Number of protein chains: 2
Amino acid sequence: MAPVTNGRLLFTEIPTGYPEPGKTTVYDTSQTIDLENVPLDGGVLIKTLVLSSDPYLRGRMRDAKIKTYSVAFQLGEPIDNHGVGVVLRSEDPAFKEGDHVSSHKLPFQHYSVFKKEELGTLQVLKNEYKNLPWSVYIGVCGMPGATAYMGWKEYAHPKKGEVAYVTAGSGAVGGLVIQLAKADGLKVIASAGSDKKVAYLRELGADVAFNYKTVPVNKVLQKEGPIDIYWDNVGGESFEAAITAANRLARFIECGTISGYNTQTPYHVKNLGLIVGKELQISGFIVGSLYAKYEEQFHKEIPKGVASGEIKYSEDVTKGLENAGEAILDVQLGRNNGKKIIRVANE
Amino acid sequence: MAPVTNGRLLFTEIPTGYPEPGKTTVYDTSQTIDLENVPLDGGVLIKTLVLSSDPYLRGRMRDAKIKTYSVAFQLGEPIDNHGVGVVLRSEDPAFKEGDHVSSHKLPFQHYSVFKKEELGTLQVLKNEYKNLPWSVYIGVCGMPGATAYMGWKEYAHPKKGEVAYVTAGSGAVGGLVIQLAKADGLKVIASAGSDKKVAYLRELGADVAFNYKTVPVNKVLQKEGPIDIYWDNVGGESFEAAITAANRLARFIECGTISGYNTQTPYHVKNLGLIVGKELQISGFIVGSLYAKYEEQFHKEIPKGVASGEIKYSEDVTKGLENAGEAILDVQLGRNNGKKIIRVANE
């Protein structure tokens with residue numbers, strides 16, 4: 001078989017504001033790959049099926065000299081993220097042709113060779129629940145679901161009857177948080193950025209759901225709060241409103257601050273002084289730190305609940321790797337409805 | 001005996017910036033009291049000996065309609081705070097003439113009647129350690145000491161060899177925090193607002209001590225950090241610098257934010273987004289919430305350590321209740337050297 005084009009999404013320029021498809025990322029078709037003969041060096045050849053577009057990717061689009069918890073993308077190289085692929089060829093007995101694998105560093109390209117020393121980044125998916133699409137393993141049963149589940153278990157300390165406020169409630173993380181909070185017997189206030197999303201928040205069980213673009217957050221929290229738990233995916237003005245509406249000893253779970261990702265001038269939070277008097281407990285976290293403690297119970301509970309329909313999720317699909325730059329921007333702008341996935345190829 | 005003047009410090013106006021002695025508080029001598037005949041209604045008559053000037057008093061100088069953790073002062077009435085007095089007369093068997101008592105709500109006046117139903121706010125001081133002055137019970141052995149001790153025990157989670165940064169290190173709270181951190185085997189960076197105070201920080205054992213008014217905090221923390229524990233008495237720019245210098249999973253103990261107490265325009269902390277990526281654990285606290293858990297061990301350990309000289313403390317005395325308004329302002333401006341006490345009367 002002749003070599004085939006191996007399209008890739010390259011990181012080409014560090015954005016100052018929002019990422020710009022075609023400028024900060026470029027879809028490149030200059031490379032080819034010989035699928036039958038490309039050397040594997042004891043590794044495997046993967047065909048990419050689905051890739052994830054997550055809010056945190058914006059933080060990786062930075063100057064590599066700035067060190068943070070996440071690895072910066074390399075200019076001129078394909079970006080990478082959580083994804084699912086299928087094994088086309090293997091030289092390692094742990095991986096068989098046709099196996100489905102997930103990886104937290106799957107390159108944004110159609111085909112990838114994982115060398116022997118890189119095989120630790122691949123996990124064979126068993127998919128015990130045949131009715132689940134592979135894409136759930138980059139969504140509700142993958143990193144975003146784990147973020148919601150593990151962050152909630154570690155930091156929420158919910159007591160029945162308390163009030164939780166969940167931001168970006170229609171996203172992959174927020175959507176599961178709402179359901180976990182309801183399962184724990186809480187009153188849940190949830191926000192999102194469109195009326196369509198707000199309808200979905202109600203489907204997920206939120207007691208109070210509102211569009212933060214048309215209804216002032218402060219007004220809702222004043223009426224429906226005070227709040228005992230704040231799940232923060234947003235930061236900035238929303239963080240400030242949550243402080244104002246917080247009960248004594250409220251727990252703030254700081255998962256993300258997307259309101260500040262695409263600007264050089266972060267919002268001025270003016271009420272930080274209340275952290276002391278309200279005895280707020282504010283926990284920043286990265287899900288990677290919680291896997292050791294919660295991975296087993298996450299894998300036991302969540303896929304089962306999703307397969308039975310007890311746990312709801314929604315996906316928003318972008319078709320084609322050539323549109324992945326747009327899919328990344330969609331998430332930064334909140335234009336997605338549910339977990340944004342990029343369908344790169346069918347089986 | 002004829003009635004005597006009962007001087008009082010009245011709260012007369014809500015300050016917008018710093019409190020102004022003679023304006024926001026006024027020393028009033030219009031009242032008299034007949035010490036022998038004033039009715040006690042089953043209570044006690046107390047002569048005030050020492051009163052405490054604490055940073056948090058500024059927060060009580062507010063519109064009483066605004067509810068926070070602390071009780072607002074009433075306009076036209078004497079302010080109150082932690083203090084020590086001596087019992088002149090008693091109609092309750094639990095208090096004897098000559099007993100020394102501490103109270104967390106001793107009025108800023110020379111003589112006070114505590115009625116039967118108010119006796120719960122008085123504690124008889126045993127003073128097992130005869131070399132200690134009564135004033136320590138409003139300082140290192142009182143509320144400020146308890147704040148340092150209990151906040152540290154609850155939230156610091158120190159590991160030997162870690163780095164702590166303590167602000168307002170020469171104050172009543174910060175001074176004990178430095179010593180607790182050293183006892184736990186930490187490297188301690190401490191700051192204060194004058195060279196004299198900085199010399200005292202070194203006496204307390206701080207490994208790195210600096211005057212934040214002449215040396216940029218960021219520069220010191222960049223050189224001597226990163227930090228694992230941040231004891232915040234200051235907030236604002238200092239909080240921002242601590243976030244920048246924080247290690248992954250650093251603990252921020254939010255005890256006070258004096259930089260924001262006397263201004264209507266709080267500092268713009270611009271790096272709150274790092275709370276997530278650095279997995280910061282930020283705990284606001286009020287010592288009152290920790291007494292139940294730590295009071296016994298505090299009373300067992302701290303007075304003993306102070307009496308033996310193992311625990312150091314320093315006091316800055318203002319003489320005369322007529323100067324108490326100035327003593328309150330001193331603490332807001334950081335003009336005190338060590339725990340500010342107001343000596344109202346001798347025995």
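The values are calculated or read from the model by the stated rules, or taken from the named source; none is laboratory data. What you see is a predicted model, and the numbers here were worked out from it, not measured in a lab. A quick note on method: Cβ atoms are made from the backbone with ideal geometry, for glycine too, and the neighbour counts reach across all protein chains shown. Surface areas here come from the heavy atoms of the whole protein model, side chains and all, with no ligands, DNA or RNA. Shrake-Rupley method; radii C 1.70, N 1.55, O 1.52, S 1.80 Å.
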Checked the range B:167-189 for anything outside any helix (DSSP H, G or I) and within 19 Å of residue B:315 (Cβ to Cβ); matches are B:168, B:169, B:170, B:171
Subset of the range A:337-347, residues open to solvent by 20 Å² or more (accessible area, probe 1.4 Å) and under 15 Å from the mean Cα position of the chain (by Cα), comes to A:337
Filtering the range B:141-166 for residues that are assigned to a loop (DSSP other than H, G, I, E, B), in contact with a Lys or Arg (Cβ under 8 Å, 6 or more places away or on another chain) and within 23 Å of residue B:238 (Cβ to Cβ) leaves a count of 3
query: Do the conditions hold for residue A:172, that is, is it buried (at least 24 other Cβ atoms within 10 Å of the Cβ) and modelled with pLDDT under 95?
result: yes
Taking the range A:62-73 and the residues there that are away from chain B (no Cβ under 14 Å) and either small (Gly, Ala, Ser) or touching a strand residue (DSSP E or B) at 6+ places or on another chain (Cβ under 9 Å) (or both), the one that is surrounded by the most Cβ atoms within 10 Å (Cβ to Cβ) would be A:73
Checking B:294, B:313 in turn, the sole residue that is away from every other protein chain (no Cβ under 14 Å) and within 30 Å of residue A:151 (Cα to Cα) turns out to be B:294
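For every residue, the table says whether it meets (1) touching a residue at least 40 places away in the same chain (Cβ under 8 Å); (2) in contact with a Gly (Cβ under 8 Å, 6 or more places away or on another chain).
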| position | (1), (2) |
| --- | --- |
| A:126 | no, no |
| A:130 | no, no |
| A:139 | yes, yes |
| A:157 | yes, no |
Of all helices (runs of 4 or more DSSP H) fully inside the range A:249-347, the set with 3 or more residues that are free of Cβ contacts under 8 Å to residues at least 12 places away in the same chain and more than 26 Å from residue A:71 (Cα to Cα) is A:291-308
Condition set within 12 Å of another protein chain (Cβ to nearest Cβ) and assigned to a loop (DSSP other than H, G, I, E, B), scope the range B:223-240, selection farthest from residue B:167 (Cα to Cα): answer is B:226
Is one or more of the residues making up the range B:39-59 open to solvent by 60 Å² or more (accessible area, probe 1.4 Å) and at pLDDT 95 or above?
yes
Yes or no: residue A:206 buried (at least 24 other Cβ atoms within 10 Å of the Cβ) and in a loop (DSSP other than H, G, I, E, B)?
yes
Subset of the range A:249-291, residues farther than 28 Å from residue A:18 by Cα and more than 7 Å from chain B (Cβ to nearest Cβ), comes to A:249, A:250, A:251, A:274, A:290, A:291
Within the range B:217-238, restricting to residues that are open to solvent by 10 Å² or more (accessible area, probe 1.4 Å) and under 26 Å from the mean Cα position of the chain (by Cα), the one that is farthest from residue B:331 (Cα to Cα) is B:228
Within the range A:101-112, residues surrounded by 16 or more Cβ atoms within 10 Å (Cβ to Cβ) and in a strand (DSSP E or B) come out as A:101, A:102, A:103, A:104, A:106, A:107, A:109, A:111, A:112
Within the range B:74-91, the count of residues that are open to solvent by 10 Å² or more (accessible area, probe 1.4 Å) and either part of a loop (DSSP other than H, G, I, E, B) or hydrophobic (A, V, I, L, M, F, W, C) (or both) comes to 7
**Message:** I'd like to know if the range A:117-129 contains one or more residues that are surrounded by fewer than 21 Cβ atoms within 10 Å (Cβ to Cβ), part of a helix (DSSP H, G or I), in contact with a strand residue (DSSP E or B) (Cβ under 7 Å, 6 or more places away or on another chain) and β-branched (Val, Ile, Thr).
**Reply:** yes
Residue hits (the range A:277-288; over 26 Å from residue A:335 (Cβ atoms) and either within 18 Å of the chain's Cα centre (by Cα) or open to solvent by less than 10 Å² (accessible area, probe 1.4 Å) (or both)) are A:279, A:280, A:282, A:284, A:285, A:288
Does at least one position in the range B:210-219 carry a residue that is more than 10 Å from every other protein chain (Cβ to nearest Cβ), in contact with a Gly (Cβ under 6 Å, 6 or more places away or on another chain) and among the charged types (D, E, K, R)? yes
* Is it the case that the range B:46-59 has a residue that's free of Cβ contacts under 8 Å to residues at least 60 places away in the same chain, of a type outside the set (Asp, Glu) and either in a loop (DSSP other than H, G, I, E, B) or not assigned by the TED database to the domain that holds residue B:336 (or both)? -> no
Result of the Cβ filter at 8 Å on the range A:2-20, keeping first residues that are in the same structural domain as residue A:113 (by the TED database) and partners that are of a type in the set (Lys, Arg) and open to solvent by less than 40 Å² (accessible area, probe 1.4 Å), at least 6 apart or interchain, is A:14/A:62; A:15/A:58; A:19/A:58
The correct count of residues that are assigned to a strand (DSSP E or B) and open to solvent by 70 Å² or more (accessible area, probe 1.4 Å) in the range B:1-26 is 1
Flagged pairs (Cβ under 6 angstrom, 6 or more apart or on separate chains; first in the range A:184-197, open to solvent by 60 Å² or more (accessible area, probe 1.4 Å); second aliphatic (A, V, I, L, M)) are A:187/A:163
In the range B:258-266, is there at least one residue being over 20 Å from residue B:136 (Cα atoms), open to solvent by 50 Å² or more (accessible area, probe 1.4 Å), at pLDDT below 95 and among the aromatic types (Phe, Trp, Tyr)?
yes
